[in-house]
1. Looking at the range A:115-126, can you tell me whether even one residue there is at pLDDT 80 or above and not acidic (D, E)?
2. Report yes if A:G226 is small (G, A, S), within 30 Å of B:G29 (Cα to Cα), within 9 Å of chain B (Cβ to nearest Cβ) and surrounded by 24 or more Cβ atoms within 10 Å (Cβ to Cβ), otherwise no.
3. Within the range C:1-53, track down each residue that is in a strand (DSSP E or B), at pLDDT 85 or above and either within 11 Å of another protein chain (Cβ to nearest Cβ) or within 26 Å of A:A216 (Cα to Cα) (or both).
4. Considering C:G97, C:G108, which residue is at pLDDT 85 or above and either assigned to a strand (DSSP E or B) or in contact with a Pro (Cβ under 8 Å, 6 or more places away or on another chain) (or both)?
5. Can you pull out every residue in the range B:30-45 that is over 13 Å from the mean Cα position of the chain (by Cα) and under 18 Å from B:R14 (Cα atoms)?
6. Can you name the number of the only condition in (1) touching a residue at least 12 places away in the same chain (Cβ under 8 Å); (2) buried (at least 20 other Cβ atoms within 10 Å of the Cβ); (3) not basic (K, R) that A:Q66 fails?
7. (1) touching a strand residue (DSSP E or B) at 6+ places or on another chain (Cβ under 9 Å); (2) modelled with pLDDT of 95 or more: which one isn't true of C:L150, the others all being true?
Amino acid sequence: MSIEDIRVLTSQLAADPSSLVFLPLGEALRRRGQLEAAEKIALAGLTRYPDLADAHDLLARVLGDQGDLERAFDEWDIALRLDPRHAGAHKGIGFLFYVAGDLPKALEHLESAHAADPGAEGVAAAVARVREALALPALASAPAAGATPPVAAEPEPLPPPLPGGRAVFAGLEGAQDGLLLLDGNGLRIGGGLSAPDGTAVGDAVAAHLAGVFRDATRAARLLHLGSWTSVAGETTDANLFLCAPTPESLLLLVRDNSVPIGRLALQAERAAEAARRWLEGAA
Amino acid sequence: MRLDIVGSLESITRVRGVRGAMIVSAEEGLVVAESSMEGIDGAAVAALTAGVVARLGRATEAAGRTAPAFVHLQAERGALLAVPAPGDLLVVAVTDAAVNVGLVRLELRRAAEHLA
Amino acid sequence: MRVIEPWVAEPLERFLAESAARVVLLTTSSGQVVAQHGFTRALDVMSASALGAAIMASTEELGRLTASGASRSLSHQGPSRGLFLSAFDLPQGRWIGLVVYDRDSSLGLVRLFFDRLVGELQAVAPAEVPAREVLAADFENELNASLRSLFGR
């Protein structure tokens, strides 16, 4: 929205202070980063329309931009009491729960936002992302027509190649399935992993491994064991081995449980070397 | 039963390089029983080891696998080894860096079986 | 995270980072809020601080009546979240910590890092301030001032 548009809206509001034009005007000011002005417009609108969910949603978005997440939550909460299907409020509260780490509640609100407004910007992607972080089948029960297709059923994109075209674990056993390279934030940066039923699970596992990385680091530090070098695990059907090729990356190797942990350690060492070379090349 | 547990923990701590062993409640991360934990903060070992095991369990679950039946965190100056036991428990050993991991794993499993 | 006493901020930040607790409330034994993290409504803070102070007071009284030496810590494990409540002493008087955690943490981790938090607070707390009489109106004003500071209103 241009400055001229804002000027027109401002004059409309001045001519008719009871007009609902404060909604697009406040939103336009918010998008331009004029948060103080946007907040004043929203508050003025709310004095006239205290029961208008859209007005509370506008104020919540402004407060969110100002970093006042508690008040933003309160405003979205009011908006939902006034209109339990308000897509913007569900989206906002879903985002706040996501930021707070409460993924089940985040998912609940994001799915409600998607159901109320299937075309809402970014909501379908957010639902898929949270479902994957929760390791749930993506959109198992589609909330509304037009929902995006299940994400977890799609093959994971191939890892980014080096400038020369080589994938990170090229030439190693399980380069695309059973070797995973991720960053400290739990984002997959190379390799891939499938569940026994063939579902691609690399991204979901990577998200959880970031927590293992933090917990292992914390345990070794607080117990005065020095830096951790590896975490090995045995399940009834697989053995896994984790190590950190660099201080900012983590490598997971998963093999059938017929492969002993000792051999996994050797394979992980080779994969870690490949990862280091790849990361240096990609830097 | 209590003597059995103490005996099992002592079998673990008899392995050369093992500094201490304990039974931990897996969900709460609290010490249930411990042996030879001198110089080691048992409450910290229990809480931190249970944290690593739970987190790794969530990763294996996301991978469509079962929960880990053995976990080994190796660090520069020591290691933590854990085996789940019935009743939502973990048998945990704190060791020096150089230790016969296979032997400790065996004793941890024996102790876990005693808890059945 | 919002704090009334600036010297509380650093130890509390460390506690939050290490324990992965979802909600933390530090209050005086009379229920006046000192710091909070994770609450989304002022009303929730007021209720939680009053309830926490009441629970600790009744637990201590019960311990005195039964000569059982009541514990200064309580915990409750719900289906998805756990609650930890503990009283501790500072030069400023007795404070109460209320911690809510989920499966990202555990009672063991919360206890471990809460003990460290208490140790750090005891180390950095300013020397005791002279006690003054608290009138009902002052209490109300202080509580409101605390909430304004904690919630920015």
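The values are calculated or read from the model by the stated rules, or taken from the named source; none is laboratory data. Please read all numbers here as calculations on a predicted model, not as lab measurements. Here Cβ is always computed from backbone atoms with ideal geometry, including for glycine, and neighbour counts include all displayed protein chains.
1. Within the range A:115-126, one or more residues are at pLDDT 80 or above and not acidic (D, E).
2. Considered against the rule, which asks whether it is small (G, A, S), within 30 Å of B:G29 (Cα to Cα), within 9 Å of chain B (Cβ to nearest Cβ) and surrounded by 24 or more Cβ atoms within 10 Å (Cβ to Cβ), A:G226 comes out as no.
3. Those that are in a strand (DSSP E or B), at pLDDT 85 or above and either within 11 Å of another protein chain (Cβ to nearest Cβ) or within 26 Å of A:A216 (Cα to Cα) (or both): C:V23, C:V24, C:Q36, C:H37.
4. Just one listed residue meets the conditions, C:G97.
5. B:S36, B:E38, B:G39, B:I40
6. It fails just one condition, (2).
7. C:L150 satisfies every listed condition except (2).
Per-residue answers, yes or no, for (1) part of a loop (DSSP other than H, G, I, E, B); (2) assigned by TED's automatic domain parsing to the domain that holds A:W278; (3) modelled with pLDDT under 50:
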{"residue": "A:L158", "(1), (2), (3)": "yes, no, yes"}
{"residue": "A:A167", "(1), (2), (3)": "yes, no, no"}
{"residue": "A:I189", "(1), (2), (3)": "no, yes, no"}
{"residue": "A:G198", "(1), (2), (3)": "yes, yes, no"}
